[in-house]
Amino acid sequence: MKELNIDELKRRFQEKIDNDIKIEPKDWMPDDYRQTLIRQISQHAHSEVVGMLPEGNWITRAPNLRRKAVLLAKVQDEAGHGLYLYSAVETLGADREETIDDLHSGKAKYSSIFNYPTLTWADMGAVGWLVDGAAIMNQVPLCRCSYGPYARAMVRVCKEESFHQRQGFEIMMKLASGTPEQKAMAQDALNRFWWPALMMFGPNDADSKHTQQSMDWKIKRHTNDELRQQFVDITVPQAEMIGLEIPDPDLKWNEETGHYDFGEINWDEFWQVVQGNGPCNKDRIDARRKAKEDGMWVREAANAYAEKRKARLAKKAS
Ligand code: 3HC
């Protein structure tokens, strides 16, 4: 087949994007498209795996067997999401071990939200309701991402996320209609997780270095600010329904725009947390490093078994 020059390759690539034809692993793609996907999908995978830690802390402390079973199922789902997404990164030619080492070395990011402590049982409600609620807002459009494996992974992830969000909101509903102490615990959790949840959507569009290019490549289908606004518009009435107050004195329904106006996010706090200076950053990375060390013998045993099996089959075939 005649070698196509780079401009023709780029033209055909963008034509597929413009016509919503999925880009598959074996298709030609510009290297910066590939690198953007490796960056975003690997950090998404890291977020899923680190995201298990704040909730894992409460599995043994759940108030009853039902809550424990539901939380256990949710945390197991997050592990599966992480493995799914690490596999999606490998389709782009990234090495899984190196990708995971980038997390442990601090080279790769993961969602800032997971660097906040989970201090009470109500935090399990706030995390499910707000963090998974925000994740759904951000992940549903990713089901239409231009890169095939990522889009397909998101379809399954989103089905499980909606269960995660509902179980969290149910915890908040129960507490908010419980004793005054329980309602106060739910309000305290909302106070501590509301603003970090808004930060999950990333910097304002004007300060986002990747959004425009990711929109042009249809990796992102909505901008950071559009998704954040959708999240606020959906979540405020939910809080009102259960009698909790959003910790934002500037929150106000705007008849003209048909959206809630809300206060300024503390971007200094956001960047401090992203740069490793949040309340739990060190704990989270230490925990992930320890998990890798503690699990090394399992990987070595599995690899040894696989090598022996391969040799046995090769001997049989000769
Ligand atoms: N935490 C940490 N870093 C963040 C961040 C956050 N909340 N928001 C943005 N950043 C980083 C970006 O990674 C980028 O840094 P980099 O160039 O070193 O990667 C920088 O800040 C600039 O931000 P941009 O908005 O320009 O970057 P993106 O275009 O990548 O947008 C994003 C950021 C919206 C998070 C996008 O990467 C995305 O949609 N990722 C996929 C979804 C995802 O990762 N969600 C995280 C939560 S997963 C989760 O909650 C699991 C659930 O089951 C609990």
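The values are calculated or read from the model by the stated rules, or taken from the named source; none is laboratory data. What you see is a predicted model; the values in this text were computed from it and never measured. Cβ coordinates were reconstructed from backbone atoms using ideal geometry, including for glycine residues, and neighbour counts include every protein chain displayed.
Observations on the structure shown:
- Looking across the range 40-69, the residues that are more than 12 Å from the ligand (Cβ to nearest atom), part of a loop (DSSP other than H, G, I, E, B) and not hydrophobic (A, V, I, L, M, F, W, C) come down to ASN57, PRO63, ASN64.
- Within the range 249-258, not a single residue is buried (at least 18 other Cβ atoms within 10 Å of the Cβ) and either within 15 Å of the ligand (Cβ to nearest atom) or not aliphatic (A, V, I, L, M) (or both).
- Filtered residues of the range 95-106 (kept if modelled with pLDDT under 95 and either within 12 Å of the ligand (Cβ to nearest atom) or among the aliphatic types (A, V, I, L, M) (or both)): GLY106
- If you go through the range 172-187 and keep only what is of a type in the set (A, V, I, L, M) and in contact with a helix residue (DSSP H, G or I) (Cβ under 7 Å, 6 or more places away or on another chain), you end up with MET172, LEU175, ALA176, MET185, ALA186.
- Selection status of VAL49, more than 24 Å from GLY148 (Cβ to Cβ) and surrounded by 17 or more Cβ atoms within 10 Å (Cβ to Cβ): no
Each row is one residue, and each column tells you yes or no for (1) more than 7 Å from the ligand (Cβ to nearest atom); (2) touching a Lys or Arg at 6+ places or on another chain (Cβ under 9 Å); (3) outside any helix (DSSP H, G or I); (4) not β-branched (Val, Ile, Thr).
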{"position": "ALA126", "(1), (2), (3), (4)": "yes, yes, no, yes"}
{"position": "ILE136", "(1), (2), (3), (4)": "yes, no, no, no"}
{"position": "ARG152", "(1), (2), (3), (4)": "yes, yes, no, yes"}
{"position": "ARG166", "(1), (2), (3), (4)": "yes, no, no, yes"}
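- Residues considered: LEU72, LEU92. Of these, the only one that is away from the ligand (no atom under 13 Å from the Cβ), not in a helix (DSSP H, G or I) and not acidic (Asp, Glu) is LEU92.
This table checks each residue for (1) within 25 Å of LEU85 (Cα to Cα); (2) of a type in the set (Lys, Arg); (3) more than 12 Å from the ligand (Cβ to nearest atom); (4) buried (at least 24 other Cβ atoms within 10 Å of the Cβ).
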| site | (1), (2), (3), (4) |
| --- | --- |
| TRP129 | yes, no, no, yes |
| CYS158 | yes, no, no, no |
| GLU170 | no, no, yes, no |
| ALA176 | no, no, yes, no |
| THR179 | no, no, yes, no |
| GLN187 | no, no, yes, no |
| ARG192 | no, yes, yes, no |
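- Residue count, the range 251-269 (criterion: within 28 Å of the chain's Cα centre (by Cα) and more than 27 Å from ARG166 (Cα to Cα)): 5
- Considering only residues in the range 259-286 that are outside any loop (DSSP other than H, G, I, E, B) and of a type in the set (D, E, K, R), the one that is surrounded by the most Cβ atoms within 10 Å (Cβ to Cβ) turns out to be ARG284.
- Residue in the range 109-117 that is hydrophobic (A, V, I, L, M, F, W, C) and more than 10 Å from the ligand (Cβ to nearest atom) present: no
- The residue that is nearest to the ligand (Cβ to nearest atom), counting only those in the range 194-220 that are part of a helix (DSSP H, G or I) and under 25 Å from THR120 (Cβ atoms), is MET199.
- First in the range 194-210 and on the phi > 0 side of the Ramachandran plot, second anywhere and near the ligand (Cβ under 6 Å from one of its atoms) and of a type in the set (A, V, I, L, M), Cβ under 7 Å, 6 or more apart: none
- Of all the criteria given as (1) without any contact (Cβ under 8 Å) to a residue 40 or more places away in the chain; (2) crowded, with 18+ Cβ neighbours inside 10 Å; (3) hydroxyl-bearing (Ser, Thr, Tyr), the one not satisfied by SER214 is (1).
- Of the criteria (1) within 11 Å of the ligand (Cβ to nearest atom); (2) surrounded by 17 or more Cβ atoms within 10 Å (Cβ to Cβ); (3) part of a loop (DSSP other than H, G, I, E, B), which one HIS81 fails: (3)
- Matching option when the condition is in a loop (DSSP other than H, G, I, E, B) and either more than 25 Å from the chain's Cα centre (by Cα) or within 30 Å of GLN167 (Cα to Cα) (or both), among ASP7, ASP27: ASP27
- Scan of the range 263-283 for residues that are among the polar types (S, T, N, Q) and within 11 Å of the ligand (Cβ to nearest atom), ordered by number: GLN275, ASN281
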